[in-house]
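The values are calculated or read from the model by the stated rules, or taken from the named source; none is laboratory data. The model shown is predicted, which means the values in this text are computed figures rather than measured ones. Virtual Cβ from ideal backbone geometry, glycine too; neighbours counted across all protein chains shown.
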Amino acid sequence: MNYKILEKEFTKHKFKHLQLKRDGDVAIYIRKKEDARNWHYEVIKITRHDGHELFGNKIEPAEIYPSASTWGTFGWTYNTIESAEIKFKELLNKK
């Protein structure tokens, strides 16, 4: 099945997300509020859905950034790139 690939750069809830690296279904994004000088890093396990219908609209199969309800299972937040890299490598080693 062909999935819409998760974007390397996007804005959600007034936060800019920029993918720094990806290996398979594991990625590191830098996340920054649009008007702030601070940022943090998010390590994610990318999941997928096979498509569905929502309010009569067909949603194509796609990769998914973890939601708030799956944080801690599919997504983790770090203040330093070094900490994010440790989690990234840990997830890759679990494959």
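Assorted remarks:
- All told, Thr11 falls short of being part of a strand (DSSP E or B), surrounded by 14 or more Cβ atoms within 10 Å (Cβ to Cβ) and hydroxyl-bearing (Ser, Thr, Tyr).
- Leading residue by the ranking (surrounded by the fewest Cβ atoms within 10 Å (Cβ to Cβ)) among those in segment 38-50 that are modelled with pLDDT under 95 and closer than 17 Å to Thr11 by Cβ: Asn38
- All positions within segment 66-79 that are surrounded by 10 or more Cβ atoms within 10 Å (Cβ to Cβ) and in a helix (DSSP H, G or I): Thr70
- Of the residues examined, Lys58 is not one that is assigned to a strand (DSSP E or B), under 20 Å from Trp76 (Cβ atoms) and of a type in the set (D, E, K, R).
- Annotation note: of Ile30, Ile46, the sole residue that is closer than 19 Å to Tyr3 by Cα and either in contact with a Pro (Cβ under 8 Å, 6 or more places away or on another chain) or of a type outside the set (Phe, Trp, Tyr) (or both) is Ile46.
- All of Ala62, Ala36, Ala27 fail the test of being without any contact (Cβ under 8 Å) to a residue 12 or more places away in the chain and not acidic (Asp, Glu), apart from Ala36.
- Matching entry among Glu53, Glu63, Glu82 (being assigned to a strand (DSSP E or B) and loosely packed, with under 13 Cβ neighbours inside 10 Å): Glu53
- Condition met for Trp71 (among the aromatic types (Phe, Trp, Tyr) and touching a helix residue (DSSP H, G or I) at 6+ places or on another chain (Cβ under 6 Å)): no
- Some residue of segment 12-21 being within 9 Å of the chain's Cα centre (by Cα), under 17 Å from Phe88 (Cβ atoms) and modelled with pLDDT of 95 or more: yes
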